[in-house]
Amino acid sequence: MSLSIKSMALKYAALGFSIIPLCPGDHSCMSDTHIATCRSPGKRPLIKEWQNAEVPSEQQVEEWFRRWPSANIGLVLGSRSGFVALDVDGQFGQDKLLEISAGNHLSDAWQFSTPGGGMRYVYAAPKGRDCRKFSISDSNPNHIHSELAFLGDGCCTVLPPSKHANGGIYTWIKPTKFFYH
Ligand SMILES: [Zn+2]
């Protein structure tokens, strides 16, 4: 069974996740000003100072979805929120991940697929460690957006079941039971 974006947002908030509303991929319900200036449909945070967002209350989530009924969900990352993420895009990203993890299976991570063909792994933020973003990109100019990125402080990640600008749905691969029961 799949839940609506709003139901999942309520669930994440109840679980203590620092989630934020993002604009919808198709920009439905967004203002002309937003549409004219947004360069990341489906990914742009809709609240100010989202980097410092606390875990929202149920009322707060309800209010967001009243205002933006088709909003996507973002998760604030970094030591504050308690989560970091690995963004694996393209063959280059997969190869780099294998190289860095010495071929080991990333057993402790939550994992979801992104509609652009990538994979994202979510981890608990390492305590007392710097969580700054870094990325290793494919230097081949013919490859479009193929990279391995570590996302931490000052970053956010889109969460399932948000809808990408290409119409695809971000989907949990694991732990599905935890989120979709
Ligand atoms: Zn937008």
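The values are calculated or read from the model by the stated rules, or taken from the named source; none is laboratory data. Only a predicted model underlies this, so the values are computations on that prediction, with no experimental measurement involved. Quick reminder, even Gly has a Cβ in these numbers, built from the backbone with ideal geometry, and neighbours come from all protein chains shown.
Structure above, values below:
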{"read-out": "Subset of region 80-92 (residues that are on the phi < 0 side of the Ramachandran plot and not polar (S, T, N, Q))", "value": "80, 83, 84, 85, 86, 87, 88, 89, 92"}
{"read-out": "Which numbered condition residue 157 misses (of (1) at pLDDT below 90; (2) within 11 Å of the chain's Cα centre (by Cα))", "value": "(1)"}
{"read-out": "Residue within region 101-116 that is without any contact (Cβ under 8 Å) to a residue 60 or more places away in the chain and crowded, with 20+ Cβ neighbours inside 10 Å present", "value": "yes"}
{"read-out": "Residue that is touching a Gly at 6+ places or on another chain (Cβ under 9 Å), touching a residue at least 60 places away in the same chain (Cβ under 8 Å) and surrounded by 12 or more Cβ atoms within 10 Å (Cβ to Cβ), where the choices are 3, 75, 22", "value": "22"}
{"read-out": "Restricting region 119-150 to residues that are within 12 Å of residue 77 (Cβ to Cβ) and basic (Lys, Arg), the residue that is farthest from the chain's Cα centre (by Cα)", "value": "132"}
{"read-out": "Among (1) modelled with pLDDT of 95 or more; (2) within 11 Å of the ligand (Cβ to nearest atom); (3) not polar (S, T, N, Q) - the single one residue 9 does not satisfy", "value": "(2)"}
{"read-out": "From the options 26, 95, 108, residue that is at negative phi and touching a Phe, Trp or Tyr at 6+ places or on another chain (Cβ under 8 Å)", "value": "108"}
